[in-house]
1. Would it be correct to say that K187 is among the basic types (K, R), surrounded by 15 or more Cβ atoms within 10 Å (Cβ to Cβ) and more than 15 Å from the ligand (Cβ to nearest atom)?
2. T149 is checked against (1) away from the ligand (no atom under 15 Å from the Cβ); (2) farther than 27 Å from I60 by Cβ; (3) not assigned by TED's automatic domain parsing to the domain that holds G29 and fails just one. What number does that condition carry?
3. hydroxyl-bearing (S, T, Y), surrounded by 14 or more Cβ atoms within 10 Å (Cβ to Cβ) and within 16 Å of T115 (Cα to Cα), is that true of Y179?
4. Based on what the data block shows, is N92 within 16 Å of the ligand (Cβ to nearest atom) and either polar (S, T, N, Q) or over 25 Å from G29 (Cβ atoms) (or both)?
5. Check region 89-98 and report whether any residue there is at pLDDT below 85, of a type in the set (A, V, I, L, M, F, W, C), more than 27 Å from E132 (Cβ to Cβ) and surrounded by fewer than 14 Cβ atoms within 10 Å (Cβ to Cβ).
6. Taking the options D76, D85, name whichever one is surrounded by 15 or more Cβ atoms within 10 Å (Cβ to Cβ), assigned to a helix (DSSP H, G or I), of a type in the set (D, E, K, R) and not assigned by TED's automatic domain parsing to the domain that holds I166.
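The values are calculated or read from the model by the stated rules, or taken from the named source; none is laboratory data. Here the structure is a predicted model, which means the values were calculated and not measured. Because the Cβ atoms are built from the backbone with ideal geometry, glycine has one as well, and the counts that use them run over all protein chains shown.
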Amino acid sequence: MPRAIAIQQLLFCIGPVTLLELVKDRFSGDSFYSLFLQDNFPIGSCYCNAPPELRRVKTILNYGLPHKLGDEFIFDVMEDIFGRDGIKDIINKMFISRSCLKIMLNAGMEIGNHTHTHPFLTHLSKAEIKEEVITADSFLKSIGCTPVTLCYPFGGKLTPQVIDVIKDCGYLGGCNFQYSDDVNFGKENDYNLLRIPG
Ligand SMILES: [Zn+2]
């Protein structure tokens with residue numbers, strides 16, 4: 001896996017072992033996926049329970065590499081550990097199906113947009129942000145849902161550019177990743193809504 005080796009060299013923070021050696025036999029497929037590809041930062045998450053060197057790897061993948069390259073690297077490592085069929089099983093287990101989404105919609109639940117490939121929107125150009133939003137929007141519309149809110153992947157510091165695109169796409173609000181007890185009192189910025197701690 002030449003691409004993975006090249007990126008591995010960038011990840012010198014994990015020391016002389018490769019990421020593969022570090023995680024093999026220590027992670028189930030879903031916890032590996034959750035740690036590296038999801039925005040799991042709350043206490044008790046895979047991220048908080050992971051060893052510090054793996055948290056540093058996640059930080060570099062999220063902040064130090066272009067979004068697609070980081071994802072490709074993780075999928076290369078996952079393929080080495082779990083195989084292609086294993087990856088399919090992990091994805092089927094972790095993601096909601098189209099039919100389940102329809103059941104939720106029919107039960108009156110609101111389904112929001114979370115972008116197409118789950119990048120940090122603040123790392124993208126205006127055109128790239130728009131593509132992320134409208135691709136996911138089109139999928140949701142194809143199952144009968146018209147999303148009006150969006151949850152920003154990984155939260156992070158929002159920029160006016162991100163909010164402008166969301167507004168241009170017709171969204172009425174956006175949910176950030178930060179938590180606060182002081183929410184929903186009518187003073188919030190609709191495009192920077194905080195979460196209630198669980
Ligand atoms: Zn997410």
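1. So K187 does not fit the description; no.
2. (1)
3. no
4. no
5. No - not one qualifying residue is present in region 89-98.
6. D76
Here is a yes/no grid of residues against (1) within 15 Å of the chain's Cα centre (by Cα); (2) within 21 Å of I196 (Cα to Cα):
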position: H118; (1), (2): yes, no
position: I134; (1), (2): no, no
position: L140; (1), (2): no, no
position: S180; (1), (2): no, yes
